[in-house]
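*Asks:* Got a structure for you, written out below as structure tokens; questions coming shortly.
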Amino acid sequence: MTKTKTRRVQMDLPENSFSRLERLKASTDASSYSVIMKDAIRIFEFLVIEQEAGSRFFIEDKDGEKRQIQLFI
């Protein structure tokens with residue numbers, strides 16, 4: 001089995017961003033902060049690629065109401 005090469009990244013986060021990271025870790029039962037960060041990168045990459053291809057994004061609430069969301073990129 002070959003081991004995937006990894007690179008270490010150190011980040012300084014404002015307190016409110018770290019609190020959000022903690023909440024996400026707890027609510028998703030993630031084993032580490034890096035799991036949350038890796039998932040976030042995958043999702044963000046997917047959204048950027050789709051937006052560049054002309055896709056639009058919508059949220060449907062519990063009542064079936066749909067609204068378009070704008071990415072901040």
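The values are calculated or read from the model by the stated rules, or taken from the named source; none is laboratory data. Being a predicted model, the structure only gives us computed values, none of them experimental. A quick note on method: Cβ atoms are made from the backbone with ideal geometry, for glycine too, and the neighbour counts reach across all protein chains shown.
*Asks:* Regarding the range 58-70, can at least one residue be identified that is among the aromatic types (Phe, Trp, Tyr), surrounded by 10 or more Cβ atoms within 10 Å (Cβ to Cβ) and outside any loop (DSSP other than H, G, I, E, B)?
*Replies:* Taking every residue of the range 58-70 in turn, none turns out to be among the aromatic types (Phe, Trp, Tyr), surrounded by 10 or more Cβ atoms within 10 Å (Cβ to Cβ) and outside any loop (DSSP other than H, G, I, E, B).
*Asks:* Give the residue that is farthest from Phe72 (Cα to Cα), with candidates limited to residues of the range 19-43 that are in a helix (DSSP H, G or I) and over 14 Å from the mean Cα position of the chain (by Cα).
*Replies:* The extreme case among them is Ala26.
*Asks:* Is it true that Gln10 is at pLDDT below 95 and part of a helix (DSSP H, G or I)?
*Replies:* no
*Asks:* Among the candidates Lys3, Lys66, which residue alone is among the charged types (D, E, K, R) and in contact with an Asp or Glu (Cβ under 7 Å, 6 or more places away or on another chain)?
*Replies:* Lys66
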